[in-house]
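First comes the structure, then the notes that go with it.
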Amino acid sequence: MLRKRVIPCLDVTAGRVVKGVQFVDLRDEGDPVELAAKYAAGGADEICFLDITASSDGRATMLDVVRRTARNVFVPLSVGGGVRSVADMRATLRAGADKVVINTAALADPDLIDRCAAEFGRQCVVLAMDAKRRDDAWEVYSHGGRTPTGRDAVTWAAEGAARGAGELLVTSMDRDGTYDGYDLELLRAVKAVVHVPVIASGGAGSIADCVEAFDGADADAVLAASIFHRDEITLTSLKAGLAASGVAVRL
């Protein structure tokens, strides 16, 4: 049985970890290297590092921060933000990433997914999508949730997986930072059209929310930020609670 994963997320801008609500009102949460080391020691299955302003600023990922983070953690590290080419992905992997997250550039150039998967293997390619509900569907946003694309999230998820994304990071913009729980309907809709792992993101506020993502939407992993950064729930207590609820996790 594949065990479910718990992934702390580090949203980084200007060299600092930040967190807001629905992608705005960002608040400083600390140093990325220190937090990554803390979470790795605390039982994180992976750590996700996202340079959230690289695409909107038109710059590359802060690889110096990635290198310092990779030297201090010994769990898989996923890195995204500002990756626009195979060369960018190569540089990110060489800086210490185990997987590379692509989002905005893939929306502009979907063939980027194919090229990266062909070069490095689909296990290295994580397609992220920031989705906001529009009536009975969800629209994908680019540039760190700033720009609506007109793309349907479920259709894009299916295309991304078919092109070679080995994993999908699905963030509900409506739930982000709200503590209202994951958007189970969105997760179920995506799971129905892909055969690759799906990471639930946006809205974790309790252990029960994480249990629901696994049991109610069949997520393969949960990603969270606020509850960890503010010490509202520890990785140890979350994993213990998941195990007590029958979710197969690594303790």
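Worth a mention:
- Scanning the stretch 78-113 for residues being surrounded by 21 or more Cβ atoms within 10 Å (Cβ to Cβ) and in contact with a helix residue (DSSP H, G or I) (Cβ under 6 Å, 6 or more places away or on another chain) gives a total of 11.
- Test: residue in the stretch 119-136 that is modelled with pLDDT of 95 or more, among the acidic types (Asp, Glu) and surrounded by fewer than 21 Cβ atoms within 10 Å (Cβ to Cβ): yes
- Subset of the stretch 39-49 that is free of Cβ contacts under 8 Å to residues at least 60 places away in the same chain and surrounded by 17 or more Cβ atoms within 10 Å (Cβ to Cβ) - its residue that is farthest from the chain's Cα centre (by Cα): ALA40
- Members of the stretch 139-175 found to be charged (D, E, K, R) and farther than 15 Å from VAL125 by Cβ, listed by number: GLU139, ARG146, ARG151, ASP152, ASP174, ARG175
- Restricting attention to the stretch 5-25, the residues that are of a type outside the set (A, V, I, L, M, F, W, C), at pLDDT 85 or above and either outside any strand (DSSP E or B) or buried (at least 22 other Cβ atoms within 10 Å of the Cβ) (or both) total 2.
- Lone unmet requirement of (1) more than 14 Å from PRO8 (Cα to Cα); (2) among the polar types (S, T, N, Q); (3) crowded, with 18+ Cβ neighbours inside 10 Å for SER201: (1)
- Criterion: of a type in the set (Asp, Glu) and in contact with a strand residue (DSSP E or B) (Cβ under 7 Å, 6 or more places away or on another chain) - qualifying residue of ASP114, ASP130, ASP215, ASP180: ASP130
- Any hit, the stretch 41-55, residues being at pLDDT below 85 and among the hydroxyl-bearing types (Ser, Thr, Tyr): yes
- Condition broken by GLU139, with the remaining ones in (1) assigned to a helix (DSSP H, G or I); (2) surrounded by fewer than 20 Cβ atoms within 10 Å (Cβ to Cβ) satisfied: (1)
- Elements of type helices (runs of 4 or more DSSP H) in the stretch 152-249, at least 2 residues being more than 14 Å from ALA128 (Cβ to Cβ), modelled with pLDDT under 95 and not basic (Lys, Arg): 226-229
- Hits in the stretch 75-91 - residues which are farther than 23 Å from VAL222 by Cα and hydroxyl-bearing (Ser, Thr, Tyr): SER85
- Residue check for ASP28: of a type outside the set (Gly, Ala, Ser), surrounded by fewer than 17 Cβ atoms within 10 Å (Cβ to Cβ) and closer than 29 Å to PRO148 by Cβ: yes
- Taking the numbered list (1) part of a strand (DSSP E or B); (2) modelled with pLDDT under 95 in turn, THR69 passes all entries but (1).
- Number of residues in the stretch 98-130 that are in a helix (DSSP H, G or I) and either in contact with a Pro (Cβ under 9 Å, 6 or more places away or on another chain) or among the polar types (S, T, N, Q) (or both) equals 2.
The values are calculated or read from the model by the stated rules, or taken from the named source; none is laboratory data. From a predicted model like this one, the values you see are computed outputs, not experimental measurements. Cβ coordinates were reconstructed from backbone atoms using ideal geometry, including for glycine residues, and neighbour counts include every protein chain displayed.
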